[in-house]
1. Of the numbered conditions (1) at pLDDT 80 or above; (2) over 24 Å from residue 126 (Cβ atoms); (3) surrounded by fewer than 17 Cβ atoms within 10 Å (Cβ to Cβ), residue 67 fails exactly one; give the number of that condition.
2. Can you work out which of the residues in segment 146-166 that are assigned to a loop (DSSP other than H, G, I, E, B) and in contact with a helix residue (DSSP H, G or I) (Cβ under 8 Å, 6 or more places away or on another chain) is nearest to residue 115 (Cα to Cα)?
3. Among all residue pairs at least 6 apart or on different chains, which show Cβ distances below 7 Å where the first residue, located in segment 80-96, is farther than 17 Å from residue 164 by Cβ and the second is at pLDDT 90 or above?
4. Which residue is surrounded by the fewest Cβ atoms within 10 Å (Cβ to Cβ), if the candidates are limited to segment 100-113 and must be in contact (Cβ under 8 Å) with a residue 60 or more places away in the chain and part of a strand (DSSP E or B)?
5. Kindly indicate which of 146, 176 is modelled with pLDDT of 85 or more, surrounded by fewer than 16 Cβ atoms within 10 Å (Cβ to Cβ), out of contact with any strand residue (DSSP E or B) (no Cβ under 6 Å at 6 or more places or on another chain) and over 18 Å from residue 58 (Cα atoms).
6. Output the residues belonging to segment 111-143 that are at pLDDT 90 or above, closer than 22 Å to residue 77 by Cα and in contact with a strand residue (DSSP E or B) (Cβ under 9 Å, 6 or more places away or on another chain).
């Protein structure tokens with residue numbers, strides 16, 4: 001029997017909650033959205049070019065969602081409380097204009113214009129034939145992107161919403177272990193790579209109305225950051241490679257090589273280093289807490305990341 005893990009929001013984390021809503025062909029919550037006609041007397045998935053509003057479920061409480069991590073298979077779910085909190089943070093953090101296509105391409109012209117929690121049987125979602133449980137987070141999204149509407153919505157290629165965000169599992173939160181922080185950093189690293197792909201694709205004129213953009217990135221961190229990362233790698237190798245995930249090793253390699261870091265990467269570094277700092281003991285150079293912290297650049301990296309984010313008005 002596969003494990004079932006509850007995901008929750010860690011409000012003390014630097015980055016938390018839902019960062020974007022993606023329009024996808026196969027929604028993880030297995031619920032299609034509908035396109036609203038002006039007169040609202042429609043069938044499911046009927047299309048009208050005038051209004052261009054998609055309505056659907058963003059999160060359904062207590063619904064098992066299948067996940068696979070390597071050979072490990074498991075289910076995740078969100079409680080009603082977490083669903084409501086996530087919906088509130090989404091707008092409080094100003095993410096209503098952040099949308100992606102299939103979790104890979106950042107697109108403009110998609111805006112969440114309405115959001116509510118289903119609280120009774122008279123909910124407006126029932127008017128459109130949607131039988132969803134109480135506590136479901138509903139979203140209406142305006143589509144002002146011609147290509148997304150014509151090539152993806154009208155053709156039926158995309159069928160629902162899927163969220164993008166950062167959560168932690170309840171078991172690991174209560175354990176408050178170094179391993180849990182490393183695992184969260186691993187997941188964030190995967191999201192970071194997706195963001196890098198999006199940044200490249202954003203240069204495509206198809207998604208930017210002919211305007212090309214460049215990904216902001218920086219490598220003006222001090223040499224002490226690169227030296228710490230190198231020292232962490234050496235200590236980890238000496239320790240039998242027991243103290244770092246593959247993601248930690250890749251982060252170390254990036255820093256040691258003085259590679260450019262995106263703003264999103266800098267945010268993740270600051271978040272990780274802030275939380276993992278309590279496990280860093282300068283007097284115990286063989287501990288995993290010490291080695292893992294150095295792999296991410298150590299205190300120098302945390303100080304630089306904080307300063308850089310402040311200069312960019314990101315914190």
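1. (1)
2. Of the residues in segment 146-166, the ones assigned to a loop (DSSP other than H, G, I, E, B) are 154-159.
Checking the rest, the ones that are also in contact with a helix residue (DSSP H, G or I) (Cβ under 8 Å, 6 or more places away or on another chain) come to 157-158.
Values: 157: 24, 158: 20 Å.
Result: 158.
3. Sorted first by the residue in segment 80-96, then by its partner, the pairs are 80/135; 84/117.
4. Selected residue: 113.
5. Working: 176 fails: modelled with pLDDT of 85 or more.
Just one listed residue meets the conditions, 146.
6. Scanning segment 111-143 gives 115, 116, 117, 118, 134, 135, 136, 137, 138, 139.
The values are calculated or read from the model by the stated rules, or taken from the named source; none is laboratory data. Fair warning: this is a prediction, and the values are worked out from it, not measured in the lab. Positions of Cβ are backbone-derived with ideal geometry, glycine not excepted, and every protein chain shown enters the neighbour counts.
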